[in-house]
Amino acid sequence: MQNIQIIGVVGAGQMGRGIAQVAIQSGFQVIMFDAFQNALDFGADFIKGQLKKGTEKGKWTSDEADSALKRLKTAVDMKDLKDCDLVIEAATENRALKFDIFKKLDEIIKPSAILASNTSSISITEIAAKTKRPQLVAGMHFMNPVPVMKLVEGIRGLETSDETFNTVAAVSEKMGKTFVRAQDYPGFAVNRILMPMINEAFYALYEGVATPKDIDTAMKLGTNQPMGPFELADFIGLDTCLAIMDVLHTGLSDTKYRPCPLLKQYVAAGRFGRKNKKGVYVYE
């Protein structure tokens, strides 16, 4: 098992900054990379704000927050990640983008480093095949919001070595997460089950079974879920939900994974959810 000290995080968005925050609070040195300086500045400021809020609520001391922040560096040049022991990619859920990032990382990062993807549905085997180190590539699917959610879904590609998989499991556990192991099949474990439920909720709405609010209320009170399917879909992003359903439909060639026309219509209209304040629900 590798000794991981320096972690690179690719992407300073919602997932990337969350992973970076948890990593620095777990004692890792972190370099958070983003190609856009404004996104990087926002991500770093967001982490500082979260640590300050945690201090005010008594979750940790100001000294612990200050020590964590000292372990965070930012970079707009991917070459600054060259000495990382592990790099976790948390870019947009787009196959072409992720493939390009891994090709570049493979050329930049030291040969012994592990490359991991936070993808929620894209094949780790395919991502690994874009590198010359497929045995050192694995999936680390964090849940949103990262500092709160306790799960990391580990995905093993066809070529992922035992040492690599054991290392990402150990890193996840050091971050205070529970690590579950999944094989590299479309949607892995979490989204293979979750996204069809959300998609079926859209079919129920599409067919006039009940209103969005009543469907959410029924699922929360009837099945003890903390969020209804539409609340959760808006939180995840309807565009992301649709992208995952497309992966399931294409990868498994089964009509039960066909994205609901209403979900496709919402995304076509630009209703992505909380990220742009308009999804199934409208947010102020």
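The values are calculated or read from the model by the stated rules, or taken from the named source; none is laboratory data. Because the structure is a prediction, the values reported are computed rather than measured. Cβ: placed from backbone, ideal geometry, glycine included. Neighbour counts: every protein chain shown.
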- Residue selected from the range 120-136 under the condition touching a residue at least 40 places away in the same chain (Cβ under 8 Å) and not in a loop (DSSP other than H, G, I, E, B), by the criterion nearest to ALA182 (Cα to Cα): ILE124
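Rundown of residues vs (1) farther than 22 Å from GLN135 by Cβ; (2) touching a His at 6+ places or on another chain (Cβ under 9 Å); (3) not hydrophobic (A, V, I, L, M, F, W, C), yes/no style:
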residue	(1), (2), (3)
LEU40	yes, no, no
THR74	yes, no, yes
PHE99	no, no, no
GLU107	no, no, yes
- Query: Between a first residue in the range 80-107 that is basic (Lys, Arg) and a second residue that is in a loop (DSSP other than H, G, I, E, B), which pairs have beta carbons less than 8 Å apart while being 6 or more apart in sequence or on different chains?
  - Reply: LYS82/ILE109; LYS82/LYS110; ARG95/ILE122; LYS98/ALA91; LYS98/THR119; LYS98/ILE122; LYS103/LYS130; LYS103/THR131
- Taking only the range 242-264 into account, find how many residues are outside any helix (DSSP H, G or I) and surrounded by fewer than 21 Cβ atoms within 10 Å (Cβ to Cβ). 4
- Task: Check whether at least one residue in the range 90-108 is of a type in the set (Val, Ile, Thr) and within 16 Å of the chain's Cα centre (by Cα), and report yes or no.
- Result: yes
- Message: in the same structural domain as SER161 (by TED's automatic domain parsing) and within 16 Å of the chain's Cα centre (by Cα): which single residue out of ILE47, ILE19 fits that description?
- Response: ILE19
